[in-house]
Amino acid sequence: MYKRPFFFLLTLMVSFATQAQSLSGAALKQKLNANLQLAVEQYKLLHQNIPADRMPQNFDIKTGKMVTSNTKWWCAGFFPGTLWYLYEHSRDAAILNIAEQRLLQMEPQKHFTGNHDLGFMMYCSFGNAYRITGNPSYRKTIDTAAMSLATRFRPKIQSIQSWDSSKNFRCAVIVDNMMNLELLTWVSNNGGDPRFRDIAVTHANSTIERHFRPDNAAFHVLDYSLASGELLRKTTWQGYSDSSAWARGQAWAMYGYTTMYRLTKDKKYLDQANKIADFVLNHKFFPADGVPYWDFDAPNLPNELRDASAGSIMASAFLELTDYTKGARKKKYMSTAETILTTLSSDEYLAKAGTNGGFLLKHSVGALPLKGEVDVALTYADYYFVEAMLRYLKK
Ligand code: GLY
């Protein structure tokens with residue numbers, strides 16, 4: 001049945017061993033508190049390693065190569081966002097100072113309209129900063145960013161356009177876009193323009209209608225005609241194949257619908273998050289240690305790379321889902337989140353102090369088919385790991 005029985009057996013054994021050691025309750029909280037102390041020191045180091053006009057992008061522990069980005073890169077808001085989470089937890093004055101500096105770097109991007117990633121860029125950063133400080137100038141920045149993102153809504157497609165037209169796509173709408181809806185919905189829910197929430201709801205509904213396979217796994221990219229609004233094809237950019245279930249895409253979809261349920265209380269969003277969770281949890285190649293392979297349909301499973309970023313995002317989403325579910329489902333979500341957090345806290349994934357360029361987690365996969373960011377540290381793996389740890393500690 002399996003082309004590589006040895007690897008399959010090995011993976012099962014490793015997974016079983018890891019699962020057997022999965023922590024929970026006070027023991028896991030103790031471990032997560034230690035991780036967060038480590039994170040505070042790592043992020044001071046990461047700050048030192050990154051010039052004041054750049055943001056961290058990725059780090060390869062094998063070669064020691066650090067890649068930085070400008071503030072238009074879709075991930076640029078994760079570094080300030082993680083710093084704000086770490087400040088919230090530690091109240092460390094040095095971290096606050098760095099968080100304020102790195103936040104201000106992002107401010108000009110409130111006017112950015114070059115892609116759909118304003119939510120990642122401006123809500124993970126300014127959203128957290130505003131939540132923690134209540135600074136009214138941060139709120140103004142969030143409102144402006146929502147206005148910028150709303151310019152990308154395409155009425156004919158009933159969706160927000162993810163990327164501008166290119167030789168690859170005419171009008172791409174990617175499932176990752178579910179993550180940018182929180183910015184829009186939060187602004188409307190908090191006294192801002194109600195049109196933003198309408199756009200977010202319309203986009204979320206279109207995504208439910210068109211973006212999922214019969215088994216509830218999400219396609220990565222839908223490409224439309226801008227002129228007619230016709231859906232031209234279902235395809236991928238970072239996944240293994242056009243119809244494959246790219247792991248981070250599933251994570252974004254599950255997290256995105258969970259957030260939309262929190263913000264609207266529309267039960268169909270919770271149902272959709274549960275359906276995606278069922279796809280993940282019942283998949284024969286969802287590892288017992290909880291950190292997914294980079295694509296659920298990758299050709300050489302289980303001999304494929306893991307994606308720690310997908311694990312972090314899923315852990316955080318599963319923890320929020322425990323607030324909205326009951327019985328066996330709630331229990332399964334909690335135990336899966338605990339398993340993922342335990343695995344990510346192991347030496348295999350968690351960096352030792354002073355290593356990994358200052359990033360926390362190793363072993364994420366950005367875009368394997370494009371040979372980009374393969375088996376490296378990534379800002380969003382750290383961001384959602386820290387978020388998930390804070391969520392668990394509040395339980
Ligand atoms: N576009 C977001 C991602 O690479 O996951």
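The values are calculated or read from the model by the stated rules, or taken from the named source; none is laboratory data. Worth saying up front: this structure is predicted, and the values here are computed from it rather than measured. Neighbour counts are summed over all protein chains in view; Cβ atoms, including those assigned to glycine, are modelled from backbone coordinates with ideal geometry. Please note that ligands, DNA and RNA were not included when accessible areas were found on the heavy atoms of the full protein model with its side chains. Shrake-Rupley method; radii C 1.70, N 1.55, O 1.52, S 1.80 Å.
Go ahead and estimate [θ] at 222 nm for the chain from helices alone: -39,500 (n - 2.57) per DSSP H run with n ≥ 4, summed, over the residue count, rounded to 500. Don't skip to the end; give the middle numbers.
On the way: 13 runs with 195 residues, N = 395.
About -16000 deg cm²/dmol.
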- Message: From the mean inverse distance of alpha carbon pairs (Kirkwood) and the Cα radius of gyration, derive Rg over Rh for the stretch 21-79.
- Response: 1.11
- For the stretch 30-182, dividing by residue count, accessible area per residue (probe 1.4 Å) in Å² works out to 40
- Note on the structure: Scoring only Lys, Arg, Asp and Glu (+1, +1, -1, -1) among other residues with Cβ under 15 Å from the Cβ of Y138 yields +1
- Message: 7 Å from Cα along Cα→Cβ at both D347 and N97: what's the point-to-point distance in nm?
- Response: 3.5
- List the residues whose amide H sits under 5 Å from the amide H of W163, counting only those 5 or more places along or on another chain, with H placed 1.01 Å from N in the peptide plane. A172
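Take the solvent-accessible surface of the protein heavy atoms, probe 1.4 Å, and return the percent of it on the stretch 83-172 that carbon and sulfur atoms account for. All intermediate terms of the calculation are to be shown ahead of the outcome.
Numbers: 1900 of 3650 Å².
The nonpolar share, carbon plus sulfur, comes to 52 percent.
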- Message: Can you work out the Karplus-derived ³J(HN,Hα) for every residue in the stretch 93-101? Use 6.51 cos²θ - 1.76 cosθ + 1.60 with θ = phi - 60°, whole Hz, and x for glycine or proline.
- Response: 5, 5, 5, 4, 4, 5, 4, 5, 4
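Heavy atoms only, probe 1.4 Å: what % of the accessible area of the stretch 276-381 goes to carbon and sulfur, would you let me know?
51
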- Task: Give me the distance in nm between label points sitting 7 Å out from Cα along the Cα-to-Cβ direction at S165 and D266, one decimal.
- Result: 2.9
- Note on the structure: Summed over the other residues with a beta carbon less than 13 angstrom from that of R248, with K and R at +1 and D and E at -1, the charge totals -3
- Query: At N205 and S90, where each label point lies 7 Å from the Cα along Cα→Cβ, what is the point-to-point distance in nanometres?
  - Reply: 4.5
- Message: For the stretch 8-141, I need the span (max minus min coordinate) of the C-alpha atoms along each principal axis, in Å, sorted largest to smallest.
- Response: 51, 33, 28
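Using the structure shown, list the pairs from K72/K395; K156/K268; K110/K267; K29/K371; K44/K72 with a Cα-Cα distance above 25 Å, or answer none. All intermediate terms of the calculation are to be shown ahead of the outcome.
Numbers: K72/K395 35 Å; K156/K268 23 Å; K110/K267 32 Å; K29/K371 37 Å; K44/K72 23 Å.
Those over the limit are K72/K395; K110/K267; K29/K371.
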- Task: Quote the Stokes-Einstein diffusion coefficient, in whole µm² s⁻¹, for the chain, based on the Kirkwood radius over alpha carbon pairs, a temperature of 20 °C and a viscosity of 1.002 mPa s.
- Result: 102
- Message: What's the ranking of 63-74, 368-379 by average number of surrounding C-beta atoms within 10 Å, highest first?
- Response: 368-379, 63-74
- Gain on full stretching of the segment that runs from N70 to K371 - 0.36 nm per residue minus C-alpha separation: 106.3 nm
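Based only on Cα atoms, what Rg/Rh ratio does the stretch 157-250 have, Rh being taken as Kirkwood's radius?
Numbers: Rg = 13.6 Å, Rh = 13.8 Å.
We get a ratio of 0.99 for the stretch 157-250.
For the stretch 246-323, report the % of Cα-Cα distances exceeding 19 Å.
Values: 935 of 3003 pairs.
Across the stretch 246-323, Cα pairs with separations above 19 Å total 31 percent.
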